[in-house]
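**Student:** Let me begin by handing over the structure; questions about it come next.
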Amino acid sequence: MNKIKVSIIVPVYKVEKYLRRSMDSLVNQTLEEIEIICINDGSPDNCLEILKEYKEKFSNKNIVIIDKKNEGVWKGRFDGIKAAKGEYIGFTDSDDYVTLDYAEKLYNAAKSSQADISVCGFYRVDVETEHIFSTEMTQFAGKIIDMKRNPEDILSVNTSLWNKIYKSELLKNMENLEIPPKILDDMMFLLLIYLNANRITFIKDPMYYYMIRQDSIMGQIRKEQIESTEKAMVEVKNIYLRSKSGKTLIPVIDAMAFLHFGISLMFRISYDKNSNLKEELKNNAAFLNAYFPDWKNSEYLKISYVLAHHNNNLKVAIVKKFYKIHLYRAFLWFYRLIIDKMKIDIKW
């Protein structure tokens, strides 16, 4: 077989209902020089049998199955990276699917732009009705982010791993965390990749179908999950502080911490009827102030900066105002009311 251009890593766990659709979209990619690395993370259903079925049926395709005990998606991704042979590496979730030219267009964009990371647009789709909630990440078509000159631009990029491919050495040389996060893991994984990236390119086409389950943000978040995730984020910042290039990115890291801990995490917690939201907001503010203090005066989160640079963070800058004047709980209530009534998905 020719040199592998793209390795696609697919963590698999309890998705037998959706796995065939996902695999169909991968085995029929227009880019022939790919490998599909499926990580069966101790799934108790029929996922392993389905993967074996595809490996046998598509014996002409480079399908690799790693069957392992359940250790979580973070460890599974590193297992996939270790096995990957591609020039670039991408990830897909096993309950989602992609267009047939997904790998080809991302790869060609990366090569033509000499980019370390290539990003495409995506659809948010209701898994039951297949209604498309929104089309996202298409506004940056043709844009190049230079991480040395404008690293703050990554604040406008979605932090999911799956609508991107990455130069292999970025992932094979990235630092691991001592204690992986229980939640917000995609965001932290991406920050570890960004540390040594130079150029990020974007293409206009939405090529990833991100399937939304209505209960996806309703689950209870336990105290130990929050604590382990906070520790992991502090470790990410320390990794940046130890890096010569990473030190210049600390204002971006602090702004990212507010975006995902101050907004996204608190929004999810607000759905938990057993949580004390007032206490959680108090603890959250104390955490951000102690470890990511630049968020308060971040240039990147000021309305004046956002308007002057025409970027995508105006809503974040407005929410920051509510947070700082202690009206964030009221904002969460109002925002949730709109979302629940309009049946739209959260987008930050």
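The values are calculated or read from the model by the stated rules, or taken from the named source; none is laboratory data. Owing to the predicted nature of the structure, the values given are computational and were not obtained by experimental measurement. Here the Cβ positions follow ideal geometry from the backbone for every residue, glycine too, while neighbour counts run over all protein chains shown.
**Student:** Counting only residues that are modelled with pLDDT of 95 or more and under 23 Å from Glu87 (Cα atoms), give me the helices (runs of 4 or more DSSP H) lying completely in the stretch 168-265 with at least 2 of them.
**Tutor:** 168-172, 185-194
**Student:** On to the next question. Condition (residue is surrounded by 14 or more Cβ atoms within 10 Å (Cβ to Cβ), at pLDDT below 90 and within 28 Å of Arg124 (Cα to Cα)) applied to the stretch 280-299: is it met by at least one residue?
**Tutor:** No: zero hits.
**Student:** In addition: Looking at Asp24, Asp45, Asp41 in this structure, which one is surrounded by 16 or more Cβ atoms within 10 Å (Cβ to Cβ) and modelled with pLDDT of 95 or more?
**Tutor:** Asp41
**Student:** Also, I was wondering about something else. Could you figure out which of (1) in contact with a helix residue (DSSP H, G or I) (Cβ under 6 Å, 6 or more places away or on another chain); (2) over 22 Å from Tyr271 (Cα atoms) isn't true of Thr159?
**Tutor:** Failing condition for Thr159: (2).
**Student:** If you don't mind, there's one more thing I want to ask. Exactly one of these conditions fails for Lys278: (1) assigned to a helix (DSSP H, G or I); (2) in contact (Cβ under 8 Å) with a residue 12 or more places away in the chain; (3) within 23 Å of the chain's Cα centre (by Cα). Give me its number.
**Tutor:** Of everything listed in (1) assigned to a helix (DSSP H, G or I); (2) in contact (Cβ under 8 Å) with a residue 12 or more places away in the chain; (3) within 23 Å of the chain's Cα centre (by Cα), Lys278 misses just condition (3).
So that you can scan it fast, the table gives a plain yes or no per residue for (1) out of contact with any Ser or Thr (no Cβ under 7 Å at 6 or more places or on another chain); (2) within 30 Å of Ala285 (Cβ to Cβ):
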| position | (1), (2) |
| --- | --- |
| Asp146 | yes, no |
| Asn150 | yes, yes |
| Ser156 | yes, yes |
| Thr159 | yes, yes |
| Asn163 | yes, no |
| Pro180 | yes, yes |
| Asn196 | yes, no |
| Phe202 | yes, no |
| Pro206 | no, no |
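**Student:** Select from the stretch 14-70 the residues that are in contact with a strand residue (DSSP E or B) (Cβ under 7 Å, 6 or more places away or on another chain) and among the polar types (S, T, N, Q) and write down the one among them that is nearest to Val127 (Cα to Cα).
**Tutor:** The qualifying residue nearest to Val127 (Cα to Cα) is Ser22.
**Student:** I need a count of the residues in the stretch 3-50 that are charged (D, E, K, R) and in a loop (DSSP other than H, G, I, E, B).
**Tutor:** Residues meeting the conditions: 8.
**Student:** Farther than 25 Å from Met188 by Cβ and either assigned by TED's automatic domain parsing to the domain that holds Pro206 or not β-branched (Val, Ile, Thr) (or both): does that describe Gln114?
**Tutor:** Considered against the rule, which asks whether it is farther than 25 Å from Met188 by Cβ and either assigned by TED's automatic domain parsing to the domain that holds Pro206 or not β-branched (Val, Ile, Thr) (or both), Gln114 comes out as yes.
**Student:** What about Ala110, is it within 25 Å of Thr30 (Cα to Cα), surrounded by 18 or more Cβ atoms within 10 Å (Cβ to Cβ) and of a type in the set (A, V, I, L, M, F, W, C)?
**Tutor:** So Ala110 passes the test.
**Student:** With Lys247, Lys231, Lys148 as the choices, which residue is over 14 Å from the mean Cα position of the chain (by Cα) and within 23 Å of Asp272 (Cβ to Cβ)?
**Tutor:** Every option except Lys231 fails the conditions.
**Student:** What are the residues in the stretch 266-275 that are outside any helix (DSSP H, G or I) and touching a residue at least 12 places away in the same chain (Cβ under 8 Å), if any? Full working, then the answer.
**Tutor:** Of all residues in the stretch 266-275, those outside any helix (DSSP H, G or I) come to 271-275.
Tyr271, Asp272, Asn274, Ser275, listed by residue number.
**Student:** Do any residues in the stretch 148-168 that are under 19 Å from Ala257 (Cβ atoms) and assigned by TED's automatic domain parsing to the domain that holds Val73 have Cβ atoms under 6 Å from those of residues that are among the polar types (S, T, N, Q) and surrounded by fewer than 21 Cβ atoms within 10 Å (Cβ to Cβ), where the two are at least six apart or on different chains, and which pairs are they?
**Tutor:** Ser156/Asn311; Ser156/Asn312
**Student:** Let me ask another. For the stretch 117-144, which residues satisfy the criterion of being out of contact with any Asp or Glu (no Cβ under 6 Å at 6 or more places or on another chain), of a type in the set (A, V, I, L, M, F, W, C) and either surrounded by fewer than 18 Cβ atoms within 10 Å (Cβ to Cβ) or outside the structural domain of Arg21 (by TED's automatic domain parsing) (or both)?
**Tutor:** Val127, Ile132, Ala141, Ile144
**Student:** So how many residues does the stretch 75-134 have that are modelled with pLDDT under 95, assigned to a loop (DSSP other than H, G, I, E, B) and on the phi < 0 side of the Ramachandran plot?
**Tutor:** Qualifying residue count for the region: 4.
**Student:** Right, here's the next one. Go through the stretch 250-261 and give me each residue that's more than 13 Å from Asp294 (Cα to Cα) and surrounded by 22 or more Cβ atoms within 10 Å (Cβ to Cβ). Quick ask: steps written out before the conclusion?
**Tutor:** Pass one, the stretch 250-261, residues more than 13 Å from Asp294 (Cα to Cα): 260-261.
Scanning the stretch 250-261 gives a single hit, Phe261.
**Student:** If we scan the stretch 243-251, do we find a residue that is within 24 Å of Asp153 (Cβ to Cβ) and either in the same structural domain as Glu152 (by TED's automatic domain parsing) or among the aliphatic types (A, V, I, L, M) (or both)? Talk me through it step by step, then tell me what you get.
**Tutor:** Let us first name the residues in the stretch 243-251 that are within 24 Å of Asp153 (Cβ to Cβ), namely 243-251.
Subset that is either in the same structural domain as Glu152 (by TED's automatic domain parsing) or among the aliphatic types (A, V, I, L, M) (or both): 249-250.
Scanning the stretch 243-251 turns up at least one residue that is within 24 Å of Asp153 (Cβ to Cβ) and either in the same structural domain as Glu152 (by TED's automatic domain parsing) or among the aliphatic types (A, V, I, L, M) (or both).
**Student:** To continue, here is another question. Suppose we keep only residues that are touching a Gly at 6+ places or on another chain (Cβ under 7 Å) and basic (Lys, Arg) within the stretch 19-73. Which one would you say is farthest from Asn2 (Cα to Cα)?
**Tutor:** Lys69
**Student:** Suppose we filter Ile263, Ile179 for residues that are aliphatic (A, V, I, L, M) and not assigned by TED's automatic domain parsing to the domain that holds Gly76; which single one remains?
**Tutor:** Values: Ile179 fails: not assigned by TED's automatic domain parsing to the domain that holds Gly76.
Every option except Ile263 fails the conditions.
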